[in-house]
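The values are calculated or read from the model by the stated rules, or taken from the named source; none is laboratory data. Given the structure is predicted, the values throughout are model-derived calculations rather than measurements. Backbone-built Cβ (ideal geometry, glycine too); neighbour counts: all protein chains shown.
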Amino acid sequence: MESMFAPSSLSPRARRSLLRRQHAVHADSDFTRLLDSVLGSPFLTTHDLPDLDVVDGSFQAVPLSLAVTRPSSPEMVNQHFARPRGLIPRLWDALRRLKHKSSTYIDDGQPLDGEEGELIDDEACFIDVDSFTTAVDIVARLPPELAIHLLSFLDLDSVIACRAVSRTWRIYAQDNAIWRDLFYRRTEWGLDLSRARFSAATTRRVSYISSISPELAPLSLDWWLLYKSRTQLESHWLQGKAKMTKISGHSDSVYCLEFDSKRIITGSRDRTVKVWSLKTGKQLASFKRHTGSVLCLKFDKDWDIDDPFAPGFMVTGSSDCSIIVWNLFANGRKAEVSAILGAHTGGVLDLRIDHRHIVSCSKDTLIRVWDRNTLDLLATFEGHQGPVNAVGLQGNKVVSASGDGKMMMWDITTGECLKTFEGHDRGLACIEFKDDLIVSGSNDCKIKVWSASRGECIRTLTGHDLLVRALFFDPMTGRLVSASYDKSVKVWDLNTGRLITEFKNSHVSHIFDVKFDVRRIVSTSHDQKIVVLDFSEGLDTAMFV
């Protein structure tokens, strides 16, 4: 076999070709051995070594003591081999890929090997890939509108991290449009832009994209300040950090309250309805037309926020069995009686209103529905065996809670009872009905959350020691506040049933009513006091709802 391919038996051209192939095999074998040597390490460069003798076209082995190594390449060089984690690494990887597409080859046209940044040539020349790929800031070279649009897809932590990259990135990451998007991604955060004139956040913040799409970042609002204030406000709620203010003026137990952005209105056993300034706590007015205790009241909130001369609408219920309809004027400082509804034969324990209906419930076990505009009686619901202590209203549906331990859902249009809810061990004292949720409080010291459509109890909240007298919740934020005869006010996470915080020292006697908004909790008690727990101390919260 060997003789067939002996060089002497071949033509000169074939012999030269065979010698070239043999030399290539020999070189490959030497190169394989070279990779197993110290010199074969990818962390060596040939210019760091002493002169070497060449034998048959390959380097001789060198002593280990003469080998010079360099540290492994920075992690960033190999990032395109591993899946980046987090938005910032993904953004950076995308920018590197954009750069890589235009930089696959260097000036002499030789491709990179894609791993350690060394050229595939005989000199093993090292290229510093780290400095090569990071020397150009792609984001800074983009038009500002495009750069901001790119950053607007990041979450809060990533945007904050971008502010530390460079001066240009910091400017982009602080752009008004980005912070507006971050604010509106928090779907549980409400904002009333009509109140912008009352807010200090209406001062500045220029946006690069405002010239293209002003509605995305109105120059009149500082969205970074709004986001910061709202975040701090949420932190105060979680920490129970609130400024307490006590308002005095009633001469007996304060049974009920409602408030909006300007005033608090309360009803008392002293038979008066009083109006207070929410900001200062000063009494603005006092009305007395009932001959018994004022047990419940409702009014249209912020009726005069746009037109200070517009009249307000209020209804009050009393132990004298009457419902009085009032017209309010001059920020609530003046009132006149519009009508008196006297269809109940027992004390009126609770009221609800919307733009079409007035719903009342009474100690006489009845629920009545009135047309708000004509004040005609539309429906009467009978079915409870005890006093109806509370009602809820949503659209054409009414839910009632009774001392007989039952809740019942009624249809205003047909007058029929749609569902009966049972689960509490004792009589019910309060109820709230919003969206598809019903929350009830009972003399069994429990709070139950129900699905209105399914008629099922979703969860039970325990923690109060005496009767749960009042409830209020916000389905958007999932915040629930309860008040009890045990003198405590508790704040719950409605979605999980977790107790967030509680206030045990705000009142010294039974608490009868509680309401809250995004900034504060207001409660009333047998101790004749109105207590305001303000979580917005030092913050600009005028537009938050």
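Structure above, values below:
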quantity: Condition broken by Ser253, with the remaining ones in (1) in contact (Cβ under 8 Å) with a residue 60 or more places away in the chain; (2) within 19 Å of Arg520 (Cα to Cα); (3) among the small types (Gly, Ala, Ser) satisfied; calculated: (2)
quantity: Of all residues making up segment 261-281, the number that are touching a Phe, Trp or Tyr at 6+ places or on another chain (Cβ under 7 Å) and farther than 17 Å from Trp326 by Cβ; calculated: 2
quantity: Single residue of segment 286-309 satisfying the filter (of a type in the set (A, V, I, L, M) and buried (at least 18 other Cβ atoms within 10 Å of the Cβ)) that is nearest to Phe198 (Cα to Cα); calculated: Leu297
quantity: Tally of residues being farther than 16 Å from Leu466 by Cβ, of a type in the set (Ser, Thr, Tyr) and at pLDDT 95 or above across segment 497-545; calculated: 3
quantity: Residue count, segment 298-312 (criterion: under 32 Å from the mean Cα position of the chain (by Cα) and either among the aliphatic types (A, V, I, L, M) or outside any loop (DSSP other than H, G, I, E, B) (or both)); calculated: 3
quantity: Breaking point among (1) part of a loop (DSSP other than H, G, I, E, B); (2) out of contact with any strand residue (DSSP E or B) (no Cβ under 7 Å at 6 or more places or on another chain), for Trp224; calculated: (1)
quantity: Total residues in segment 134-151, condition at pLDDT 90 or above and not in a helix (DSSP H, G or I); calculated: 2
quantity: Residues within segment 355-375 that are in a strand (DSSP E or B) and over 23 Å from Lys406 (Cα atoms), tallied; calculated: 3
quantity: Residue selected from segment 377-420 under the condition among the acidic types (Asp, Glu) and under 20 Å from Leu349 (Cα atoms), by the criterion surrounded by the most Cβ atoms within 10 Å (Cβ to Cβ); calculated: Asp404
quantity: Qualifying position, being free of Cβ contacts under 8 Å to residues at least 40 places away in the same chain, assigned to a strand (DSSP E or B) and small (Gly, Ala, Ser), among Ala401, Ala429; calculated: Ala401
quantity: So Arg519, is it in contact with an Asp or Glu (Cβ under 9 Å, 6 or more places away or on another chain) and under 15 Å from Thr245 (Cα atoms); calculated: yes
quantity: Test: Val315 is closer than 20 Å to Val254 by Cα and either in a helix (DSSP H, G or I) or in contact with a Phe, Trp or Tyr (Cβ under 9 Å, 6 or more places away or on another chain) (or both); calculated: yes
quantity: Residue within segment 212-232 that is outside the structural domain of Arg163 (by TED's automatic domain parsing), farther than 25 Å from Val348 by Cα and modelled with pLDDT under 95 present; calculated: no
quantity: Count of residues meeting criterion [farther than 15 Å from Tyr227 by Cα, out of contact with any Lys or Arg (no Cβ under 6 Å at 6 or more places or on another chain) and without any contact (Cβ under 8 Å) to a residue 12 or more places away in the chain] in segment 166-196; calculated: 2
